Amino acid sequence: MSKGKPSQAEPAACRLYLVTPPVLEPAAFAPRLIEALDAGDVACVQLRLKNCSDDDVRRACDALRPIAQERDVAFILNDSPRLAREMGCDGVHVGQTDTPYRDARKIMGNDAIVGVTCHDSRHLAMVAGEEGADYVAFGAFFPTATKIAEHHAEPDLLRWWAELMEVPCVAIGGITAANCAPLVAAGADFLAVVSAVWDHPGGPGAGVAAMNAAIAAAPTDWVATKTDGTDAG
Ligand SMILES: Cc1ncc(COP(=O)(O)OP(=O)(O)O)c(N)n1
Ligand SMILES: Cc1nc(C(=O)O)sc1CCOP(=O)(O)O
Ligand SMILES: [Mg+2]
């Protein structure tokens with residue numbers, strides 16, 4: 001997962017951040033992950049399993065981590081830095097009620113990716129950024145059936161962050177090929193999706209291709225709307 005920060009003259013392209021469904025059977029899911037990753041550009045895969053045992057997570061890591069890493073796609077585990085380190089993951093994603101960032105960093109080491117959920121909060125994002133998070137995640141931007149989202153973020157939050165901060169930002173929550181353009185335009189470095197890919201009627205490969213195409217077609221106007229009103233070019 002390259003974390004290129006947009007240079008002022010040439011903004012880095014927004015990239016796709018793929019999150020797994022919360023329940024999966026690793027052997028059956030592996031070919032779907034291969035189809036997704038071979039269909040286009042994916043910056044990273046987050047294994048996000050809910051209501052399962054540590055051994056279930058270990059089995060899923062063993063089956064899925066090599067598929068991502070063999071393709072130079074970063075493999076990030078949700079929630080557990082301890083398991084992420086044990087299982088050779090490239091990084092971990094922690095939320096505000098998970099292991100605190102500083103402890104996650106100590107467990108993972110300085111070379112790993114550690115991302116932090118910041119909901120719709122500038123304060124949480126500034127704290128995470130100052131502490132050293134590799135990215136901050138904002139959401140939910142749209143209604144989602146994947147989880148009960150208690151916070152709602154607006155594209156202006158991405159725009160504010162992108163204009164002021166170096167740390168990359170991830171947008172998440174109900175994002176689809178049809179609705180993602182304002183998030184790309186506002187300066188999201190990554191779009192994190194579950195159902196837009198795994199529930200795509202044409203299959204996960206078609207889902208990745210559709211997201212890639214929508215990201216590529218979206219305007220990227222945030223560089224031209226710096227808060228001081230000047231064009232950054
Ligand atoms: C990229 C990304 N952003 C946000 C989340 C949500 O994390 P969290 O608030 O800890 O909620 P759960 O995903 O654990 O239910 C995420 N996983 N990934
Ligand atoms: C895992 C997660 N976190 C969110 C947040 O707002 O922090 S929304 C979300 C679910 C994302 O799934 P989908 O792309 O199917 O909406
Ligand atoms: Mg969590």
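Laboratory data are not the source of any read-out in this text; all were calculated from the coordinates shown. Keep in mind the model is a prediction, meaning the values are calculated, not measured. Ideal geometry is used to build each Cβ from the backbone, glycine not excepted, and the neighbour counts take in all protein chains shown.
Ranked by the mean number of other Cβ atoms within 10 Å per residue, highest first, peptides 33-39, 143-149 order as 33-39, 143-149.
Sum up the charges of everything whose Cβ sits under 11 Å from the Cβ of Val73, counting Lys and Arg as +1 and Asp and Glu as -1, but leave Val73 out. That sum, taken over residues with Cβ under 11 Å, equals -2.
A cut-off of 5 Å between modelled amide H atoms, ignoring neighbours fewer than 5 places along the same chain, links Ala137 with Val116, Thr117, Cys118, Val170. In order along region 54-60, the Karplus-derived 3J(HN,Hα) couplings, from 6.51 cos²θ - 1.76 cosθ + 1.60 at θ = phi - 60°, round to 4, 5, 4, 5, 4, 5, 5 Hz, and Gly and Pro are given as x. In sequence order, region 184-200 has phi-based couplings of 5, 4, 7, x, 4, 7, 9, 10, 9, 9, 10, 5, 4, 9, 6, 9, 5 Hz under the Karplus curve 6.51 cos²θ - 1.76 cosθ + 1.60, θ = phi - 60°, and Gly or Pro positions carry x. Summing charges over neighbours of His151, with a neighbour being any other residue whose Cβ is under 13 Å away from its Cβ, gives -1 when K and R count +1 and D and E count -1.
When the trypsin sites (Lys or Arg not before Pro) in region 33-103 are filtered for DSSP coil states and for at most 15 other beta-carbon atoms within 10 Å of their beta-carbon, the remaining sites are Lys50, Arg71. Taken along its three principal axes, the alpha carbon spread of the chain comes to 53, 41, 32 Å, from the longest extent down to the shortest.
Using only side-chain charges placed at the Cβ, +1 for Lys and Arg and -1 for Asp and Glu, the dipole size of the chain relative to its Cα centre rounds to 280 debye. Residues considered: Asp189, Asp54, Asp134. Largest GNM mean-square fluctuation over the chain, using C-alpha springs under 10 Å, is found at Asp54. Helical content of the chain, expressed as a calculated mean residue ellipticity at 222 nm, amounts to -10500 deg cm²/dmol (DSSP H runs of 4 or more residues, -39,500 (n - 2.57) each, divided by residue number, nearest 500). The residues neighbouring Phe141, those whose beta-carbon lies less than 15 Å from its own, together hold a net charge of -3 under the Lys/Arg +1, Asp/Glu -1 convention. Can you tell me the 0 to 90 degree angle between the C-alpha axis of helix 26-37 and the longest principal axis of the chain, rounded to 10? Result, in degrees: 30.
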